[in-house]
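Here is the structure we will look at, set down as structure tokens.
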Amino acid sequence: MNKIKKSIKANSELIPIYIVMLIMVALNIWKQPTFFKPATFARICNQLAPYIFMGMAQMCIMVLGGMDFGLGALVSFSTCLFATYMVENNTTNTFIIIGIILLIGCIDACVGYIVGRFNLPTIVVTLATSFVFEGLALLTLPTPGGFINSFASNMLIGKLGILPASLIWCAVFAGIWILMRKSSIGLLIYATGNNKKSAFSSGLNVKKGCVLAFFISGILAAMAGLMLCSRTMSGDPTIANDMTINAVTAAVLGGVTFSGGEGKLAGVIAGSIVVGILVNVLFYLNITGFYTYFVQGIILILSVVVNNLRKGGK
């Protein structure tokens with residue numbers, strides 16, 4: 001009982017976002033009574049999976065005290081590669097393409113090296129890399145299209161047993177993150193983001209911390225691209241243009257601060273679910289187009305204000 005009380009106290013700052021998440025889910029159930037039917041539940045999991053992976057990816061960089069504006073372009077490039085070089089009913093080809101896309105995500109570690117080596121702002125460097133990924137996406141697939149075979153689709157967003165595959169993939173990567181968070185890798189990333197000068201003075205390899213954060217973030221963004229492409233069954237060089245800001249919103253909603261060194265996975269997942277379900281709720285309430293962006297912008301501003309007030313009150 002004491003452990004439960006300590007756990008609740010340690011995560012008390014996450015209570016508001018979980019309340020908001022439950023409200024959003026309740027609204028979605030109200031407008032969509034078939035929510036708990038297996039087919040509907042699987043579809044919602046498939047819709048939320050890219051948001052969760054993107055939220056986790058952005059959290060890695062925000063923990064460093066920066067933001068990655070190249071994540072959306074990397075996701076779009078991943079969908080283009082996946083849809084362009086897929087071969088019908090070829091299992092070996094599917095695994096090779098997935099492996100290549102994940103390796104391309106790993107290349108994001110080079111951005112971390114540049115940031116750590118030359119002490120550059122992440123926003124400037126990642127904005128530049130976003131142009132590179134956007135160009136590569138347009139070069140690979142100038143217009144939306146391509147092909148995804150049934151094996152790849154079933155593996156990523158089908159069913160594994162009675163559960164949606166997308167839910168299992170999210171759980172697997174969340175579990176890996178939890179293990180890394182408790183390891184020297186996680187401690188190094190958080191220490192680097194908390195105070196780079198103090199971390200360097202303590203003998204920690206700040207450059208390595210930046211490289212590791214971008215390495216993990218790149219893999220998560222690549223996974224978001226694979227999930228998104230499997231859901232839409234095609235590639236699109238501009239499909240993830242809005243996902244970068246959505247990921248920032250999810251991370252901020254989940255309690256990640258812009259100053260770095262602070263952020264919990266449980267909060268980011270809840271924030272990602274809120275952002276993902278918000279699209280559905282607004283649609284059911286007949287709030288579309290410009291008003292959708294307006295509401296998302298207001299939520300982001302309020303989240304930043306609440307985060308700053310919470311941090312200032314400590």
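Each value in this text was obtained by applying a stated rule to the coordinates, not by laboratory testing. If you're wondering where the values come from, they're calculated on a predicted model, not measured in any experiment. Every residue, glycine among them, receives a Cβ derived from its backbone with ideal geometry; neighbour counts consider all protein chains shown.
Stretching the chain fully between THR143 and THR91 yields a gain of 16.1 nm (0.36 nm per residue, less the alpha carbon separation). From most to least packed by mean Cβ count within 10 Å, the peptides 75-81, 38-44 give 75-81, 38-44. When only the Cβ of Lys, Arg, Asp and Glu is charged (+1, +1, -1, -1), the dipole of the chain relative to its Cα centre reaches about 1300 debye. Give me, ordered by chain and number, the residues 5 or more places off LYS159 or on other chains with an amide H under 5 Å from its own placed amide H. The list, which skips near neighbours in sequence, is ALA165. Count Lys and Arg as plus one, Asp and Glu as minus one, and take only other residues whose Cβ is under 14 Å from that of SER153; the net charge is then +2. This model, with +1 at the C-beta of Lys and Arg and -1 at the C-beta of Asp and Glu, gives segment 215-314 a dipole about its Cα centre of some 340 debye. Counting other Cβ atoms within 10 Å as a rough exposure proxy, the listed residues SER183, SER230 run SER183, SER230 from fewest neighbours to most. Neighbour counts of other Cβ atoms within 10 Å put ILE245, ILE157, ILE61 in the fewest-to-most order ILE245, ILE157, ILE61. Taking a ≥ b ≥ c as the square roots of the eigenvalues of the Cα gyration tensor of segment 101-143, is the shape rounded (a/c under 1.5), prolate (a/b larger than b/c) or oblate? It is oblate, given that a/c is not under 1.5 and a/b is not larger than b/c. If you run the Gaussian network model on the chain, springs between alpha carbon atoms under 10 Å, then out of ILE52, ILE23, ILE189 the most flexible one is ILE23.
Residues MET155, MET86, MET233, MET56, ranked from the fewest to the most other C-beta atoms within 10 Å, line up as MET233, MET155, MET86, MET56. The distance separating the Cα centre of segment 242-314 from that of segment 160-215 comes to 21 Å.
Computed on segment 45-240, with alpha-carbon pairs under 8 angstrom and 6+ residues apart, the relative contact order is 47 percent. Of all complete DSSP H helices in the chain, those with a Cα span along the helix axis of 18 Å or greater and a mean Kyte-Doolittle hydropathy of 0.5 or more are 15-31, 38-63, 71-84, 91-106, 122-140, 165-181, 206-232, 265-284, 290-312. If you sort the three axes of the alpha carbon gyration tensor as a ≥ b ≥ c, you get a/c of 1.5 or more for segment 195-314 and a/b no higher than b/c, which makes it oblate. One decimal place: the segment LYS197-LEU160 gains 8.7 nm when fully extended, by the rule 0.36 nm per residue minus the C-alpha distance.
Residues considered: ASN241, ASN286, ASN194. Largest GNM mean-square fluctuation over the chain, using C-alpha springs under 10 Å, is found at ASN286. Calculated mean residue ellipticity, 222 nm, the chain: -24500 deg cm²/dmol, from DSSP H runs (n ≥ 4) at -39500 (n - 2.57) each, averaged per residue and rounded to 500. In terms of the mean number of neighbouring beta-carbon atoms within 10 Å, the peptides 221-228, 132-139 order highest first as 221-228, 132-139. Between THR84 and LEU127, residue separation times 0.36 nm minus the direct Cα-Cα distance comes to 12.9 nm. Measuring against 31 Å, Cα to Cα, the residue pairs LYS159/LYS207; LYS182/LYS207; LYS37/LYS182; LYS159/LYS208 contain LYS159/LYS207; LYS37/LYS182; LYS159/LYS208 as the ones spanning a longer distance. With a/c under 1.5 counting as rounded, go ahead and sort segment 76-222 into rounded, prolate or oblate using the C-alpha gyration tensor (a ≥ b ≥ c being the square roots of the eigenvalues; past the cut-off, prolate if a/b is larger than b/c, else oblate). Here segment 76-222 falls in the oblate category.
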